[in-house]
Amino acid sequence: MSSSSSESVLTTQELQTLASKAIAAKATAYCPYSKFRVGACILTQSGEYIVGANVENAAYPVGTCAERVAFGTAVVAGYHDFKAVAVATDSNLPASPCGMCRQFMSEFTTPSFPIYMYGSEGTYTIKTMRELLPESFGPEDFSKGKVQSS
């Protein structure tokens, strides 16, 4: 394990459950083109675990990443307060969420939100949303006049 400057806000049991559910979610991935399975699991502030897996499409850019599946499922189910997310792949080293997922997740998280990234051998690293997407923008920026609609 390696970590960033952020402190973990999870109990040992929460971390074990989050990791095992993200790793198990890989088995539900539909990735016949890339063969790159990704599973994700979000822990809500109320203690619910919500999983997602990547879903590809023959029109390759149309697929959806595991992180966006999990967050979309959570939001549609009425959850808006999240404690952490875990992402698991079959790579030897932990893989981070793609740029699109980083922006998507930032809409629903805080800059200090922890992202646990797991490799195939159980190793993981932790980064915050701020570390993965520095200088991001979100809904609050529209109300402050920082971002102009075109």
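We did not get these values from a lab; they are worked out from the coordinates using the rules stated. All values reported here derive from a predicted model rather than from experimental measurement. When we count neighbours, we look across all protein chains shown, and the Cβ atoms used for this are built from the backbone with ideal geometry, even at glycine.
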Worksheet item: What's the lysine pair count for the chain at a Cα cut-off below 22 Å, pairs eight or more apart or interchain?
Response: 7
Response to the item:
With the charge dipole of the chain built from beta-carbon charges (+1 for Lys and Arg, -1 for Asp and Glu) about the Cα centre, the Cα from C31, T44, V69 projecting farthest to the positive end belongs to C31
Response to the item:
Of 134-140, 62-68, 28-34, ordering from highest average Cβ density within 10 Å down gives 62-68, 28-34, 134-140
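Among 81-88, 104-111, what's the highest-first ranking by average C-beta atoms within 10 angstrom per residue?
For the peptides 81-88, 104-111, the packing ranking is 81-88, 104-111.
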Worksheet item: In the set (1) 45, 41, 28; (2) 56, 30, 21; (3) 78, 39, 30, which value of Cα extents along the principal axes in Å was calculated from the structure you see?
Response: (1)
Fill in: Rounded to 5, the percent of DSSP beta bridges in the chain classed as antiparallel
75
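Stretch E121-E48 to full length: gain in nm at 0.36 nm per residue minus the Cα-Cα span? Don't jump to the answer; show the numbers that get you there.
Working: separation 73, 0.36 × 73 = 26.28 nm, distance 2.58 nm.
Gain on extension, E121 to E48, equals 23.7 nm.
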Practice prompt. Output ³J(HN,Hα) for the stretch 74-86: one whole-Hz value per residue in order, computed from phi by the Karplus curve 6.51 cos²θ - 1.76 cosθ + 1.60 with θ = phi - 60°, and x for Gly and Pro.
Written response: 5, 5, 4, 7, x, 8, 9, 10, 10, 9, 5, 9, 10
Item to complete: Would you mind calculating the relative contact order of the stretch 12-142 from Cα pairs under 8 angstrom and at least 6 residues apart, reporting the percent as a whole number?
Response: 20
Practice prompt. Kindly state, as a whole number, the per residue volume in cubic angstrom of the convex hull around the alpha carbon atoms of the stretch 7-53.
Written response: 73
Worksheet item: How far, in nm, would the chain grow between Q13 and A58 when pulled straight, counting 0.36 nm per residue and subtracting the alpha carbon separation?
Response: 12.3 nm
Discussion item. For the stretch 57-104, compute Rg over Rh where Rg is the Cα radius of gyration and Rh is the Kirkwood radius from the inverse mean 1/r over Cα pairs.
Written reply: 1.00
Fill in: Stretchable slack from E107 to N92, in nm (0.36 nm times residue separation minus alpha-carbon distance)
2.5 nm
Item to complete: Taking the Cα centre of the chain as origin, work out the dipole magnitude from +1 charges on Lys and Arg Cβ and -1 charges on Asp and Glu Cβ, in debye rounded to 20.
Response: 200
